[in-house]
Every structure is written in structure tokens, then in C-alpha cells.
1. Per residue, what accessible area does chain A have, given a 1.4 Å probe and all protein chains present, in Å²?
2. Given Cα pairs under 8 Å that are at least 6 residues apart, what percent is the relative contact order of the stretch B:247-354?
3. Would you mind calculating the relative contact order of chain A from Cα pairs under 8 angstrom and at least 6 residues apart, reporting the percent as a whole number?
4. Count the net charge of all other residues whose Cβ sits under 15 Å from the Cβ of A:Asp209, scoring Lys and Arg as +1 and Asp and Glu as -1.
5. Before we go on, tell me the buried accessible area for the A/B pair, both chains summed, 1.4 Å probe, in Å² to the nearest 100.
6. Please work through chain A and write down the cysteines that have no neighbouring cysteine Cβ at a distance under 4.7 Å.
7. Within the stretch B:178-259, what whole-number % of the accessible surface is contributed by carbon and sulfur, with the 1.4 Å probe and all protein chains included in the calculation?
8. Can you give me the % of accessible surface on chain A that is carbon or sulfur? Probe 1.4 Å, all protein chains present, nothing else counted.
Amino acid sequence: MSKFLKDTVTLVKKNIRLLIRAKASSLIVILGPLLIIFLAGIAFDNTNLYAVKIGVFSEKYNDLSNSFIERLSEKQFKVTRFPLEDDCRSAIERGEVHTCVVFSPEFTMAKDNSNELSFYVDYSQINLVWSVLNAMTEKVAERSMELSRNLTTVLVNALEYSSEQVKTKRPALVDLTTSNDLVNRRVTDVSVRLEEVSLDFDPNAFGADNLASQKNKVKHWVDASINLGSEAISSARSFVGNANDVVQASSMGVEQKNNLKTLFEDAVTEIEELDDKFKDTNSLAGEQFKELAKIIDSLVGKITQTKAQMDQIDSAHTTSVAELVEAKASLDGSLKNLLDVQRALNNIDNIIRSVEVKDPNAVVQPIITHIKPVISQQSYLNYIFPVLMVLVIMFTALLLAPTLILLEKNSSAYFRNFMAPVNGFTYLFSTFLTCFILLSLQLIIILAIASIFFSSTILHGFPNTLLVLLLSVALFSLIGMLVGYVFNSEETAMLAAISLGSIFLFLSDVIIPIESMPSWFMRVAELNPFVVSSGLLRSTILYGMSVISLWKKILLLLAFVVVSAVLVFLFYQISSNSSIYKKWKRKE
Amino acid sequence: MVDESIDFNKKKSLHQDLVDAGWPSDIVSKHLGLEKHPQSLAGSAIFVNNISKSFGDHEVVKDVSFVVQSGEIFGLIGLSGAGKTTLLNMLVGFIEPTAGDVVVCSSAGQNISVLKSPDLVKSVFGFSSQQPSFYSKLSVKENLAYFGELFGLTNQEIVERSNELLGLVGLSGSENVLGGNLSGGMQKRLDIACALIHHPSILLLDEPTADLDSLLRTQMWRIIKDINQKGTTVIVASHFIEDIENYCSRVAVLNNKTVSLIGSSDEIKNKYTTNYEVQLRTASEDYAYLLSSLKKSSLFASSKLAEGGIIFYTSTPKKLLSELFRVVGKKGDSIVALDLARPSLKEAFESLVK
């Protein structure tokens, strides 16, 4: 074994012995990380928020507000009702509650816009407020979702009923439309027919006036005929008397005369008979003419009456036709309306049918958000484990390395070590190696505890994780050593180490996301060794990423290690000279 | 500086040859340019060659030169803040001199510059500083083993050497006691044991008896003597001048930032004081009458009251003694104890630094 290795082993052995025997150091080295991981394990090995205290205030509690409060009280929240809103808010300031929920005065589902929930939170407790708000809004959202689901169910049911009714009543509407159309057509036919019916009544067409004049003419002609008949008869008689006289006065034999006389006499008889009959006929004709005149007069009266009636009928016809036209127009309008209604109902039906999402749950929450962790969540510990590891590494290294160095610097054995033929680099390396070994041991313990007791998935991609862990250990050990060599008293070194650790912590995403910082500051924070280490560890532990895919950050970490190592060496040289001077000053 | 030392050694060798041949030493030294070196390096353990040290503007040590011979116990005395510790620290290379060098003569006969080869001389020196320099949280055995390992001793060597040293410093039986739990005297002895673990040829002790009672001081000096008798050169810085006077073969007086005097105790005393010390103790233990009677005479230079009575410093002891007898007898008092001694190194030192 070379002297360097032998000396290194001797120095590391001595360092570990000293650390173990120094109570404070032992606490830091062994118990500190164990305590941290144990407490963190207990604290974060769950997925819920415990002991969140909520204050509530409502001017008038009702079933709805009470249901919200019950929902909040169901699990881990402790709910306190306050009589006044101001009391509720003050309770946050006093730290009695974490948040105050104020219900709007008319908090009821009957109202449209009055259901407001106001949350009062204390943003100064920034790490708690988001958790509380998340938890609160989750619970409130659950209840709100229930209510919304009920309301939506009613609406969906109404829609479905409407759709059903549309579906059921559509044939009736179709019938109605058909009937309407039929009636319309009939009305049209009637109207056409009525329009075709000519009710023009010209009494003159019946010749009533002519009839009267013809009656008079007939009377005249009858009278003339009678006169002519009478004249004819008289003429006949005269003619026969003259004929007889002529015959008698003729030279014709008597017999012929007699025969002719007889014939004449017969003719006179017949003329008499005819005259009688003519007279009878004349009398009868007169009576009949009177009767005829009476009939004609009656007929003319009736024609006149009929014209009047026909005029009335025509008027009624005209009115009826007009009314039929109107009725048709109405029917047309009705039909249009019916068609519109039908179309509208069809549209409604189509729209209702086109609504594919009819499940109230789906309507209330059309987009179901599944926040799926990239790793299966078992507890918060899994999420914070990488950060926790780096945190332990960082603080332990930042405390351990200066402790070791200051133990040595302020040790009375410093002088004797100087007198030993061991070069400075060996001391430097042995200090680094001691830190490295102790931190590695701690990590083994932490990993073992975490994997056994907290079901952490830390062994996922372990070789990659190991590399990142070792680099982190090296980096923070070197930073711790730097602190140790820069400062000369344990108090100032501890203060510096804690301050440095705090700076690393505050400029990381442990408390607030670095994305919330100003952009230029964010770029600085991204170069924070703690951020780089925890980011790498998160990638390897949680996502199982390989170091090859993370080569940029690995290189950055390596660069940090190299720069830190150089700085440590420089400050070691400066510190050695400086401490000699200070030791002399003290002695003198 | 090493080269110069080597050159010096050659000159020294030539000087020795010439002196052996009958040439006067001072002439040869002057001729060879060796007169600035106070002594020859032959048989020397360490040669301090004109070293100076300043911290900022503050000059602590200036142009100090001396040689420590092998096997001697060399004392270094000086007032507090005179630079004794700084000087010792420069000897071992813990503090780098502003000027000058320290040359160590190894057992192999090599002269090694502390300034140029600090690591080479580390094995030559054992240093027990004023404050014990070991780990209080390690046991006696662990401390010895730790420093032994750093000096490259094997486990077997460490065990053997530890046992030897524990016996030497009287810590046998306390092997497993933590260093911090030891008493002050034991801590000092452990510190010396640690300083000796690697068989150094030169042991430097800075105030080895500070904070120790007289019994422990005596015990400590006995240990130092034992160590010295085993062949180790010892350089001791102490403000206990009586101890230095009693145990050191030679003494260097550090005064005004430099070694103002170097030599044996007697040489120093003879050079810086001619007074004798007359210590008297009377039955009445009333010395006022003595002082008032002798005040007018010039028989003593100074006096002081001590635990054992009164001490007079005088260059004429016989006359003083007869006068003392006379005054005491006249007073009716009687002399209980009377001692006549040469003045101590302390007086010489005080005379020197006045």
C-alpha cells in the first residue's frame, strides 16, 4: 500500500473516530439524517392533509350550507362555526384556523347567482395555503358536483321527456298537418266550385217583361183571334147564308139545292156549333188567359222574388268565397305554422338526439381530468424523497465537512499533524473521503429505511441514482469543505454552512416554484447545485431516467464538483498559511 | 541555502583540518569566512543561520544564529513575547523565516535545509509545544498509533515504541484513557510521547513544565533527562530559568529579538553578575531591623524577602556575613538558617534584560 493510501486510511480512521466521539458531531453524522428521514417518513408517508382547521360563517345556515360543512367535517378537517365573519377572519390571523369559508347570505340552490363561497386564506403561510385550498376546493367541488349533478339530472330528464313527447306527438302533428292540408284542398275545391257557380240571375232572361207584354200580346192575339173567329164565324155564316142564297137563287136542281141547302144548313149548324164552341173557347180562353195572366204575374213575381233571393245567395256566395279564401289563407298559415312547429319539433328532437352526452355525470364534468402521476403514488414521501435525500446530503455535508475541518483546525493536534511527513493534499483528500464515506453510509441507512419502512420506490434505476447521489455527495462535501477552509471558527463556519444551505434551499423549488421567480433570477436558481442535484435525483428515482439522457445536467454537476475541488484546494492553501499566522498571534 | 550549508560544511571540514594541523582557529575561521558562524557544525544537531521573522510590520526575531550540539539539552530563555515559540516553530519549519535558514544535521551526516526540504526534516524533529498537541478524543494508545502511522511505523513498531514511551513518560496503565481525560501533567507527558513516537533525533519542548506543580516539574525534567540520555538532542524553551539552569547544558538568551547570549549557565552567570546570594532566616523572622542596620552600609546590592527568609545579593559575602552575625547577636535574635550561594541564572538573565 502506498504511503498516500496508508496515510489516507489512517486519517479517515482518525476522522471517523473523532466524529463518533464528539457528541455534537455524532448527532449530525448519524442521528441527524436518521432523525430527518424518520420524521420526514412519518410526516409525509400519507396522501392526506391532517389537522386542517376550517372556520365557517354563514348568516343563515341551511341544508345546502350544512351539507357543505358536513362534507368538510367528514374527513380530516376540523370545522368551527363562527358567529361573525370578522371573527372567522381574525381566527386565521390568530392561527386558530387555516382558512375561513364564508357562505353567501342566500346560499340556496333556488337562487341563481347568490351561491357564493368566499375563502379567506393566509398567503403568508404559502406552503400551507395551497394545500389547504386544494383540499378545501376539492371537498367543496365534490359537494358542488353533487348538486350540479342533481340539477343536471333534472334538466336531462326534462330533455329526455321533451324528446319523448316530441317523438310521441309527432304523428298527431303530422295528422294535423295532413288534415289541415286536406281541409285546405277541400276548401280550395269548394272555393273553386263556388267560384265556378254563377249565381247571376237575369230576370229578363226569363222574359218576365216579355211575358207580361206577351201576355198582353197573347190577350190581344186571343182577343184578336176571338174577334177574327167571331168574324170568321160571322163571315162563314154570312158566306153560307149567301152561298145558300146563291145556291137557292141558282138554277141548280132543287135537289142539289136542297142538298146544298142541307149542307149549308149543316154548315150553318156546324158554324153555330163552332160558334158555340168558339164562344165557349173564348170564354174558357178568357178564363184561362186570366188564369195564365195570374200565373204569369205570379211567375214574374216569383222570378223577381227569386232574383232577390238569388241576389242574396250571390252575396252570400261572394262572402262565402271570400271567407273560403280567407279560410284557405288561414289554413295555409296554419299549415305553415304546423310545418314550422313540426320543423321546430324535428329540430328539437334532432338537437336532443344529437346531444350524445346525456349522462348527468358527463354533462356536469364533460372533461374528466385524471391527474395521473408519472409514477404510482403511494405517499408524499415518494415525491419528496429525492429532494429529501439531497436535503439531507446538502445539510449533512455542509455541516459535517466544516465540522471535520474546524475540528482539525482548532485541534491542538493541528501542529503535530503538521509535523508529520504527510502532505497537505493527503489531509485534504482524507477529509473529503471521510465526508464521502460518512455521507455514503448515511445514504445507505436512509435508503434502507426508506425502502423497508416507507415503501419507497427508490431502487428503481438504482445505478443511475447511485451515480447522481455520489456526485451530489462529492459536490456538497466539497462545498462544505470550502466553508470549513474559509472560516476559522466553528461558530462562523456553522453559521455560514447553515446560511449557504438555506440559500440553496430558498433558491430551489422546495418552497416556491422557481418558475415563479423573475426570469433572470430563475436562471440563477436553475444553476443552484441543490436544484440540479434534486432534479437529477427526481429524474432517476421517480422517472427511472438514465444518466445518459441526463448528460447535460450530469456534466453540470461534474463541473460544479471540479470547480469546488479547485476552490477547496486554493482555500486550503490560503487557510493553512492564515491559520499558522493566527495561531502565532494567539500564542504571542 | 542547502548549497551554502554544504559549502559551509566543506569549509568547516577544511577548518578542522587546518586547526588539527596547528593553525589558530580564529585566523582560519576568518580566512575561510566562517567567523559569522558562531560555532562549528561538527557534532551539531542543528544550525540556526541568521534567521529573522516578521509578521507584517512586526519583527519578532532578528538575525538569530546558534548551533545546538547533538546530545545536549539546549535551553532557550527569554521574556514572554521574546519570540521563543516563534523561534522553535521556525526551527521545525512550522513558520517560515523571513530571512535565514535552519540546517538540520541528520544522523546520516546530511545537512538538510528546513526551508528547502521541510518534509525531509519532519522525521528528525519531535516537537512538544506549550499546548499539548494530540487528539483529546483519542485514547493514549490511539494517539500514539495515529502519529506513529503518519510517520510510517509498522503496527509492530508502533506497539513496541508505544510501550517503551509509555514506560518512559510514566503513562503505562493509561493506554486506553482518552487524551482529554488525562491530568495536565499526564497530557504533557503524552504530548512528549507523541513527539517521540517516530524516534526523532531532536526533541523540541516549548514550556514543558508550564502549569505543572513543582513535583510534576521535577518529574517532567527527569523524563527529559531520560530522553536525552537515550541520545535525543533536546531543545527546551522555558520561563522556569531555574530548571533551565539545572538541566540544560547550554542556554541561549533571547532578548531584543535576537540571541543575545549563548553558553553554559555558569558562563552566563559569570558574565552578567558577580554577586553572591546570602539567604538568611532568623528565629524572630523579623528582618526589618537587619535592613535598617545594614541600610547605611554598602555591603549588599539588593535584598528581597523570600519564603525561606531574606536574601541579600552582595559582592562581598564575607563582610556581609560578619555584619549579619553582629547585628543579629546584638538584637538578641538567632540565625535559624544561613545559605551562601552563587547568584542564579535568573539573576544573570534579569541583569541581562534590564
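The values are calculated or read from the model by the stated rules, or taken from the named source; none is laboratory data. On a predicted model such as this, the values are computed, not experimentally measured, just so you know. Note that we place each Cβ from the backbone using ideal geometry, even for glycine, and neighbour counts take in every protein chain shown. Just the protein is used for accessible areas: all its heavy atoms, side chains included, with ligands, DNA and RNA removed. Shrake-Rupley method; radii C 1.70, N 1.55, O 1.52, S 1.80 Å.
1. Working: 32380 Å² over 588 residues.
Using a 1.4 Å probe on heavy atoms only, each residue of chain A averages 55 Å².
2. On the way: 157 pairs, mean separation 38.0, N = 108.
Relative CO of the stretch B:247-354 lands at 35 percent.
3. Numbers: 555 pairs, mean separation 104.2, N = 588.
Relative contact order, chain A: 18 percent.
4. Values: positive: A:Lys215, A:Lys217, A:Lys302, A:Lys307; negative: A:Asp202, A:Asp297.
Summing Lys/Arg as +1 and Asp/Glu as -1 gives +2.
5. Values: alone 33990 and 17270 Å², together 48150 Å².
In total, this chain pair buries about 3100 Å².
6. A:Cys435
7. On the way: 1290 of 2860 Å².
The value for the stretch B:178-259 is 45 percent carbon and sulfur by accessible area.
8. 62
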